[in-house]
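The values are calculated or read from the model by the stated rules, or taken from the named source; none is laboratory data. Only a predicted model underlies this, so the values are computations on that prediction, with no experimental measurement involved. Don't worry about glycine lacking a Cβ; one is built from the backbone with ideal geometry, like all the others, and counts go over all protein chains shown.
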Amino acid sequence: MKTVRTFVTAALGAGLALSPSSAHAQQGGVPDPSGDSYSPATDITRLQVRHGENRVTATITMPEVTARRLSAVELLLQPRGAKRAYGVTVMRNRRGKVVDKSLGWRPVNNPVEPTLLRCSKIRTSLHGKRATVSVATSCLRKSRPSDPLRAKVRTIDGTMDLYDAYYDDQTRFTGYLHRGRTQSAEGPRGRVTAKNGLLVRSLPTMFSSRQGKLQHGHVYPLTCRVTGSVVHRGNDEDGRVSNVWYRLPGAAREWVSAMYVRPIGGAPSYCGTGRTYRGRVTTATLIPREAPTTRANSHGGLTRGTLVHINCKLRGQEVRGNSLWYNLPHGLWVSARYVSNVGAVPAYCTH
């Protein structure tokens, strides 16, 4: 275990392993049947909403989203007991560029001629299969800050005949969400610093498949973080390194290296529930690795019968019929195929 301890000491000394922190914003979501819109380019399959102390943020999943056809996203936020709702609208041109953001106050079922409210704190992003829209709670002046909100969203394909069904308006309202504290004023976010964009991976390692790319300079929401494969800045062996990876929101397995992301308002908390689980090694020698794959660098070995502590688990490379890997407190990973649980089964590294 000397090799493992050496690696951990080096990681801590480089400032890579940060202490966990927590967030308490209330979240909720609704699925939406696929294919219920006349336009697959703007068809919604899921809405996830986070009601923080200072912002309300919606993440909209659209598997076949086409940026040049997504002319508008409208987020409805209805306070409990109110017959009207806030309408947060983001307009895009034919190139996918945001050209207008506005906040209105209108009857829930009548989008025509809303009362416009002044608000300069509307933010949005579009990457991969997801769009995000967020608004500062300070702009929601028609209701009390303590009023819980429920949310609904619609997307508009501006290239279709406006007299036909040109939007996806089938998403149901979420349950009511109470205002809650977040890690920072706007929840965990990060700005991409890689000049040529940042590749998204299916696991926290460069050995995993590519899932897309985040654009340089853009700000994206982050869910949580784990340790994974070491990344050298600019492939310089003697330069800066980081073994921290950030998980992106949503059901998909998407990770980016923290080397090329500058956190805004503090780094996200560690993945998992915060609880530590236990397991016992069942093979003669179990090799811990930097990431949940046998292609990742190895560090030391654990002998049969060793009791290990576990943070959380991920699905990675399959090992003899088992694709689960356990994340250990010192940041390394071991195949669950060779670990028997002692007590409760570890939670997934998804929150």
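The figures follow:
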read-out: Members of segment 118-128 that are among the small types (G, A, S) and either closer than 11 Å to R55 by Cβ or outside any loop (DSSP other than H, G, I, E, B) (or both); value: S125
read-out: Boolean, R280 is more than 29 Å from R130 (Cα to Cα), basic (K, R), more than 17 Å from the chain's Cα centre (by Cα) and part of a strand (DSSP E or B); value: yes
read-out: Pair list, Cβ < 9 Å and 6+ apart or interchain, from segment 281-301 residues that are assigned by TED's automatic domain parsing to the domain that holds N322 and over 18 Å from V244 (Cα atoms) to residues that are in a loop (DSSP other than H, G, I, E, B) and hydroxyl-bearing (S, T, Y); value: V281/T306; L286/T306; I287/T294
read-out: Top-ranked residue of segment 328-351 - restricted to ones that are surrounded by fewer than 16 Cβ atoms within 10 Å (Cβ to Cβ) and of a type in the set (A, V, I, L, M, F, W, C), ranked as nearest to N243 (Cα to Cα); value: V345
read-out: G274 being free of Cβ contacts under 8 Å to residues at least 60 places away in the same chain and assigned to a loop (DSSP other than H, G, I, E, B); value: no
read-out: Flag for G266 being out of contact with any strand residue (DSSP E or B) (no Cβ under 8 Å at 6 or more places or on another chain) and either at pLDDT 95 or above or within 30 Å of M62 (Cα to Cα) (or both); value: yes
read-out: Residue within segment 230-241 that is in contact (Cβ under 8 Å) with a residue 24 or more places away in the chain and polar (S, T, N, Q) present; value: no
read-out: Any hit, segment 234-245, residues being of a type in the set (S, T, Y), assigned to a loop (DSSP other than H, G, I, E, B) and at pLDDT below 95; value: no
read-out: Of residues in segment 80-101 being of a type in the set (G, A, S) and either more than 16 Å from H127 (Cα to Cα) or buried (at least 16 other Cβ atoms within 10 Å of the Cβ) (or both), the one nearest to the chain's Cα centre (by Cα); value: G87
read-out: Enumeration of residues in segment 183-234 that are basic (K, R) and either buried (at least 22 other Cβ atoms within 10 Å of the Cβ) or touching a His at 6+ places or on another chain (Cβ under 9 Å) (or both); value: R189, R191, K195, R201, K213, R225
read-out: Any chance T193 is hydroxyl-bearing (S, T, Y) and modelled with pLDDT of 90 or more; value: yes
read-out: Of the criteria (1) assigned to a strand (DSSP E or B); (2) farther than 30 Å from K213 by Cβ, which one A131 fails; value: (2)
read-out: Filter pass, V73 being modelled with pLDDT of 90 or more, in a strand (DSSP E or B), surrounded by fewer than 20 Cβ atoms within 10 Å (Cβ to Cβ) and assigned by TED's automatic domain parsing to the domain that holds K152; value: no
read-out: Single condition T283 does not satisfy, out of (1) closer than 22 Å to S208 by Cα; (2) out of contact with any strand residue (DSSP E or B) (no Cβ under 8 Å at 6 or more places or on another chain); (3) modelled with pLDDT of 95 or more; value: (1)
read-out: Single residue of A23, A17, A67 found to be at pLDDT below 95, surrounded by fewer than 15 Cβ atoms within 10 Å (Cβ to Cβ) and among the aliphatic types (A, V, I, L, M); value: A67
read-out: Residue tally, condition crowded, with 18+ Cβ neighbours inside 10 Å and within 19 Å of N243 (Cβ to Cβ), over segment 309-327; value: 10
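Every residue, every condition in (1) at pLDDT 85 or above; (2) under 22 Å from G28 (Cβ atoms), yes or no:
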{"site": "R118", "(1), (2)": "yes, no"}
{"site": "S125", "(1), (2)": "yes, yes"}
{"site": "A136", "(1), (2)": "yes, yes"}
{"site": "Y166", "(1), (2)": "no, no"}
